[in-house]
Amino acid sequence: MRQLFAATALLATTSAAGAAPPQVLADTPVAASLVALVSGDLARPEILLPAGSSAHHYQMRPSDAAALQSADLLVWFGPELTPWLSKAASAGGGADLELLHVTGTRLRGYDPDEAADDQNHPQDDAGDDHDGHDHAGTDPHAWLNPANAGPWLAAIAARLSELDPGNAGTYSANAEAAAGALARMDAEIARELAPVRGQSFVVLHDAYGYFTDHYELPPAIAVSLGDAAGPSAARLTEVRSRIAQSGAACAFPEQAQNSKLIRTAIDGSDVSLGKPLDPSGTALAVGPGLYEDLIRTIARTLLECLSAR
């Protein structure tokens, strides 16, 4: 069953012009949180991706197609994150907004060394391709750079205003207020992380480049390049070598994922095991506060382990 921002069914607020509020569909809880910051009580976005599902590999259901046909607006990150949604998005009944393609979005490619390793060892062991997405292209995890929130909020406000012009002023004011609050959060987190900027750390998969780039942290050492399968023996050997060379202080499992791979990678080292990271906010309460909670929780989890070393 799809998640909604309210625990119980609520009637949508009627717009200032007397029309029904826009029906908005989001691909992930993060996108839905950004929409909710702009829409307030005027439009409650529905989330397409069920809790616990992979954004990269989800299989759409007939009910998803029906939801797309009835939605006035689909807000999604784009085919770089959810390739399974590309064809359905173009065939949907309403407009769509690809956040990764919004003007002003700061994008990055995957780390060149990781991309080269992905190309050299695409399938080292039988059945083990360790590739959750294409590491030669754009890294789709752009929400982990809070500087991207401002352009996205403005773009969402513009699209909602086109659909509901009677409430354009509300959407614009909400977007501006949310952008300001997130900018203040960003500055606060930068100050908190400053003391640990030189410390290397290990993560389960290659998803944190935007976060480490933005906060001037060393690139995380990823045990697995993607989230589709485990790393090969060659990859594990390379990871252990990088851990030894970098003097990594901490290793972080991932929410809802088995910590065995992380433990195997750091076995025999003095790397401390931190709490699980949650780059997609899967364990957080769905709603307008999810995005800020996600960024703060990642920062707090890193700081708790790294500052103890």
Residue within segment 245-264 that is surrounded by fewer than 20 Cβ atoms within 10 Å (Cβ to Cβ), of a type in the set (Val, Ile, Thr) and assigned by TED's automatic domain parsing to the domain that holds residue 302 present: yes
Residues that are surrounded by fewer than 19 Cβ atoms within 10 Å (Cβ to Cβ), closer than 26 Å to residue 293 by Cβ, at pLDDT below 90 and not β-branched (Val, Ile, Thr), drawn from segment 11-63: 12, 50, 51, 52, 53, 54, 56, 57, 58
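Yes or no, residue by residue, for (1) free of Cβ contacts under 8 Å to residues at least 60 places away in the same chain; (2) among the aliphatic types (A, V, I, L, M); (3) farther than 19 Å from residue 52 by Cα:
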position	(1), (2), (3)
181	no, yes, yes
196	no, yes, yes
207	no, yes, no
212	yes, no, yes
221	yes, yes, yes
237	yes, no, yes
280	no, no, no
293	yes, no, no
Test result for residue 96, among the charged types (D, E, K, R) and either within 28 Å of residue 221 (Cβ to Cβ) or at pLDDT below 80 (or both): no
Search result, residues across segment 60-91 that are within 21 Å of the chain's Cα centre (by Cα) and assigned to a loop (DSSP other than H, G, I, E, B): 60, 77, 78, 79, 80, 81, 82
Residue check for residue 111: modelled with pLDDT of 90 or more and either under 20 Å from residue 30 (Cβ atoms) or touching a Pro at 6+ places or on another chain (Cβ under 7 Å) (or both): no
One residue from 309, 242 being in contact (Cβ under 8 Å) with a residue 12 or more places away in the chain, more than 24 Å from residue 28 (Cβ to Cβ), touching a strand residue (DSSP E or B) at 6+ places or on another chain (Cβ under 7 Å) and assigned to a helix (DSSP H, G or I): 242
Residue ID - modelled with the lowest pLDDT, chosen from residues in segment 179-198 that are more than 23 Å from residue 155 (Cβ to Cβ) and small (Gly, Ala, Ser): 198
One residue from 220, 155 being outside the structural domain of residue 251 (by TED's automatic domain parsing) and hydrophobic (A, V, I, L, M, F, W, C): 155
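The values are calculated or read from the model by the stated rules, or taken from the named source; none is laboratory data. Small disclaimer: the values here were computed from a predicted structure and weren't measured. Ideal geometry is used to build each Cβ from the backbone, glycine not excepted, and the neighbour counts take in all protein chains shown.
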